[in-house]
């Protein structure tokens with residue numbers, strides 16, 4: 001059976017880009033194979049230094065994922081830090097990781113460019129990510145285009161260790177859903193918390209409407225035909241709409257006679273209705289914190305069982321045991 005693995009960053013409120021780029025594909029995959037999903041709280045320490053905020057974010061991510069359809073009966077769902085063996089594997093991998101491999105990492109350069117202070121953790125982030133992937137003998141990791149390099153780095157590190165010590169680690173394959181690999185934000189750029197252009201999926205009705213009505217558009221008048229191919233509104237609508245509804249929107253764009261304000265209202269309605277069942281489920285989960293704790297604890301027990309087998313194999317290969 002194919003084993004899929006995905007990590008969820010506890011760095012803020014879930015937005016549409018997170019949902020379509022990572023969460024929904026992960027939830028779909030739990031029906032197709034063996035799914036391991038973790039909340040990456042070790043990773044979050046590179047940018048979050050308030051313990052209360054980190055704990056709150058971890059719980060929020062757990063509730064969001066469960067509300068959106070992650071099924072703990074089908075998927076192993078756990079906190080990264082509940083399997084601390086991953087830090088041991090990170091160290092072992094770091095001893096065979098060339099510096100040049102990390103220096104070429106795009107994410108490190110991007111974060112420095114955004115003003116995040118350089119640290120060893122930030123620099124060595126791809127090694128911990130490689131350990132996350134390799135510790136669970138993952139076969140496939142669904143990623144966005146911006147994360148593809150991290151998968152390549154993980155494979156390179158595994159190859160390096162296997163060359164030195166013999167076949168020890170499984171080589172993982174990336175899986176990129178091209179149609180949702182990049183979700184457009186309010187300003188036409190990639191949707192990202194870093195850009196402040198996100199649409200959070202569990203906003204109250206008034207706040208969600210305000211966000212969507214604030215989408216940046218060109219100055220085309222109401223009567224003018226408009227190009228859906230260059231529109232943020234149309235790009236977002238397509239994520240939610242079936243084929244018939246999407247074709248109708250695109251036809252109305254090209255026909256003219258409809259203003260961007262009306263198109264934004266259509267977008268609001270489809271987004272609001274799409275997430276209604278998930279909002280209801282989230283409210284239930286928030287009222288039962290013990291259930292969320294049990295899900296994560298049970299997931300960690302299963303994850304540790306798999307991790308122990310992998311780390312034993314690695315320890316033996318490098319000469320630490322056996």
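Just so it is clear, none of the values below were taken in a lab; they were calculated from the coordinates. These numbers were taken from a predicted model, which means no experiment stands behind them. Glycine also receives a Cβ, built like all others from the backbone with ideal geometry; neighbour counts cover every protein chain displayed.
In table form, for the structure just shown:
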{"quantity": "Alpha-carbon centroid distance for the pair the range 206-231 / the range 1-64, whole angstrom", "calculated": "31 Å"}
{"quantity": "Computed lengthening from residue 106 to residue 148, 0.36 nm per intervening residue step minus Cα-Cα distance", "calculated": "14.1 nm"}
{"quantity": "Estimated distance in nm for a label pair at residue 235 and residue 56, the labels positioned 7 Å out from Cα along Cα-to-Cβ", "calculated": "3.1 nm"}
{"quantity": "Spin-label model distance (nm) - residue 273 vs residue 168, 7 Å beyond Cα toward Cβ", "calculated": "5.6 nm"}
{"quantity": "Net lengthening on full extension, residue 45/residue 297 (0.36 nm per residue, minus Cα-Cα)", "calculated": "88.6 nm"}
{"quantity": "Sequence-separation-based contact order of the chain, relative, with Cα cut under 8 Å and 6+ spacing, percent", "calculated": "22 percent"}
{"quantity": "Value of [θ]222 nm, deg cm²/dmol, for the chain, DSSP H segments ≥ 4, -39500 (n - 2.57) each, nearest 500", "calculated": "-16000 deg cm²/dmol"}
{"quantity": "Gain on full stretching of the segment that runs from residue 304 to residue 223 - 0.36 nm per residue minus C-alpha separation", "calculated": "23.0 nm"}
{"quantity": "Pairwise centroid distance, computed over Cα atoms, of the range 107-170 with the range 276-321, Å", "calculated": "20 Å"}
{"quantity": "The chain: antiparallel DSSP beta bridges as a percent of all, rounded to 5", "calculated": "10 percent"}
{"quantity": "Fluctuation leader among 285, 93, 164 - the chain, Gaussian network, Cα springs under 10 angstrom", "calculated": "164"}
{"quantity": "For the range 203-274: relative contact order, % (alpha-carbon pairs under 8 angstrom, 6 or more apart)", "calculated": "44 percent"}
{"quantity": "Approximate spin-label separation residue 243-residue 320, in nm, with each point projected 7 Å along Cα-to-Cβ", "calculated": "5.3 nm"}
{"quantity": "Helix 260-274 axis, angle to the chain major axis (alpha carbon atoms, nearest 10°)", "calculated": "50 degrees"}
